[in-house]
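What follows is a set of notes on a single structure, which appears directly below.
The values are calculated or read from the model by the stated rules, or taken from the named source; none is laboratory data. As the structure is a computational prediction, the values presented were derived from the model and not from experiment. For neighbour counting, all protein chains shown are included, and Cβ atoms are generated from backbone atoms with ideal geometry for every residue, glycine included. These accessible areas exclude ligands, DNA and RNA; they are computed on the full protein's heavy atoms, side chains included. Shrake-Rupley method; radii C 1.70, N 1.55, O 1.52, S 1.80 Å.
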Amino acid sequence: MAQETTYYKPEDLKKFGNIGEFGPDLAKKFFDYYGAVFADGALSAKEKSLIALAVSHVVQCPYCIDAYTTDTLEKGATEEQMWEAIHVGAAIRGGASLVHSVQALNKVKELGV
Amino acid sequence: MKSLLARGSELASSKEQLKILTEVSEKLALPSFSDKLKEVGLYPMLPTGVNILQVNLGKLCNQTCRHCHVDAGPDRKEIMNKETMQECLVALATPGVNTLDITGGAPEMNPNFRWFVEEASKLGKKIMIRCNLTILLAGEKYKDLPEFFAKHRLEVVSSLPYFQKRRTDSQRGEGVFDRSIEALRKLNSIGYGVPGSGLVLNLVYNPVGAFLTGGQSTLENDFKKELKQAHGVQFNSLFAITNMPISRFLESLLESGNIDAYLEKLVTSFNPVAATSVMCRNTLSVGWDGSLFDCDFNQMLDMRIEGKAGKISEFNKSVLDSREILLHQHCYGCTAGSGSSCGGSIA
Ligand code: SF4
Ligand code: SF4
C-alpha cells in the first residue's frame, strides 16, 4: 500500500488501543463491549469473525479488513467461508441500493411517464 | 524443495537464525524473552522435572515441508545410531520419566527405529510417535507400520495442517494431503482414532502462513466434521501448534516480508499463563548425536543445556531437574495467545 499518499496507514491499526488517550472512560466502555460482542456465545467466535469480515467490507474499513482477514484465518475459516461472507455483505449492500429503486419506480409512475 | 543446508543457505546456521531474531527484536524495540519473564515473576525458567524424554531420531525425512523447524528432508543424513538409542533407553528406565516421545525427521526411516520401539515398550512407559502420515505409503518397508504401532500401543501424533488440500499441500508439498488422508484411513482401519479401541490418533494443526492459531476446540470440531464428512476419517484430539520463527519457517517469513509483523504479534500476544506451562518444563530433548536440549526448538538452534550431564550418556535426572532452561526470542512462540507445545494449546 502506498502509505505516503493515503490517510490510512497499516501501522495505525496497532494504535487502536490508544484512542482512549483523551477519553479513557468511554474507550474502556467501548473495548469492554467490543470484547463481549466477539466472545463465544450463541454464535461461535468464528462465526462472529466471519460476520465482522463481511461488515468490514460493507463499511469499507481497511483496518477492519486486515484485522478480520487475519482473525478468520486464525480461527480456521476456509477461504470459501470467507468469500461467501464477503459476498453476503456485498449482496446486502447491492440489494440495499436496488431496493431504493422502488422509490424511483414510484416517482416515475407518479410523474406519469 | 531441498533443505536449507543442501541449498547452502545462510539460514542453515543456527547462529545466523539467532542473529536475525536478535536484530529484528532490537529494531522493533521488542523486549527480550527473559526480561518479559522477569516482568511477570517467572524468571529464571525452571523445570518441574523431566517426565517426558523426547528423542529426535534424525533429520532424515521423506518430506520437505516449508515450515519445518528441523530443516529435515531426504537430503539430510544425520540419524541417531543404535548406541545412542541404547543410552536413551537407560535414561527412559529412570523412575519419574514416564513418556518417550519419538520424533524426527521421519523417525521411521531410521533403520533401528523398530528395535528402539520394541526395547522401549519393554519398559512399560507411554510411547508417542510423531508420524508424518505419508511415510506409511512410502513403500514396502513401511507398509506394516500401522500394525507395528498398534502392537506396541504407540500413541500416534500426526501433522495435518488443514482439513483441505490446498493449504495442506502448500505447506507440506504437492500431493501430501491426498496421501495423508489415505494413511489416516489405514490407521482408522486397524482401530486408530476409533472410539473404544484404545488406540490414540491425534492430529496437529499448524497455521498455514504468518498468523497465529485461535480456538483449538473450535478447530478440532471443524476438523472432525470436515474429515468425517468429506473423507470418512476420524481421530481423537487436535493439537494446535504455533509455527516457530526459526529454520525454514523463518526463511518463509523473511521471503514474504512478514518477519517483523510476526515477531511483534508473538510478543504482543505474550500470555503469562501459557508461560507457566511451556513444554521445556517437563520435557527433555535428545538430539540425533545424543546431545541434550531443553526442547526440540533449542535443539535446532544448537542451544545445548549448560553444565554437567549434557549428553544422554551422562543422564542424571536430579541434575537435569535443577537446571536453568535456556531462552531466546523464539520462546515467544510457545507463550503467544493460548500457548503452544507438542501437546497443543496450554492456556
Ligand atoms: S515438518 Fe516433519 S514431515 Fe515435514 S519435513 Fe519436517 S520433519 Fe519432515
Ligand atoms: S522454545 Fe523451548 S525453551 Fe523456549 S519456551 Fe518453548 S519449549 Fe521452552
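Checking the stated criteria, A:V102 turns out to be open to solvent by 70 Å² or more (accessible area, probe 1.4 Å) and at pLDDT 95 or above.
Of the residues making up region A:66-88, those that are open to solvent by less than 50 Å² (accessible area, probe 1.4 Å), more than 8 Å from chain B (Cβ to nearest Cβ), within 14 Å of the chain's Cα centre (by Cα) and not polar (S, T, N, Q) are A:A67, A:Y68, A:M82, A:A85, A:I86. Restricting region B:164-217 to residues that are more than 21 Å from B:A72 (Cα to Cα) and of a type in the set (V, I, T), the residue that is farthest from the other protein chains (Cβ to nearest Cβ) is B:I190. Under the condition of being polar (S, T, N, Q) and crowded, with 20+ Cβ neighbours inside 10 Å, which residue from region B:66-104 is nearest to ligand 2 (Cβ to nearest atom)? Going through the qualifying residues, I end up with B:T103. Within region B:15-35, the set of residues being part of a helix (DSSP H, G or I) and either open to solvent by 40 Å² or more (accessible area, probe 1.4 Å) or farther than 18 Å from B:I325 by Cβ (or both) comprises B:K15, B:E16, B:Q17, B:K19, B:I20, B:T22, B:E23, B:V24, B:S25, B:E26, B:K27, B:D35. Please go through region B:318-335 and pick out each residue that is more than 20 Å from B:L212 (Cβ to Cβ) and more than 7 Å from ligand 2 (Cβ to nearest atom). Residues satisfying the conditions are B:S318, B:V319, B:L320, B:D321, B:S322, B:R323, B:E324. Would you mind stating whether B:G191 is modelled with pLDDT of 95 or more, open to solvent by 30 Å² or more (accessible area, probe 1.4 Å) and under 24 Å from B:W115 (Cα atoms)? The answer is no for B:G191. Mind checking which residues of region B:294-319 are without any contact (Cβ under 8 Å) to a residue 60 or more places away in the chain, more than 15 Å from B:N282 (Cα to Cα) and part of a helix (DSSP H, G or I)? Of everything in region B:294-319, just one residue is without any contact (Cβ under 8 Å) to a residue 60 or more places away in the chain, more than 15 Å from B:N282 (Cα to Cα) and part of a helix (DSSP H, G or I), namely B:E314.
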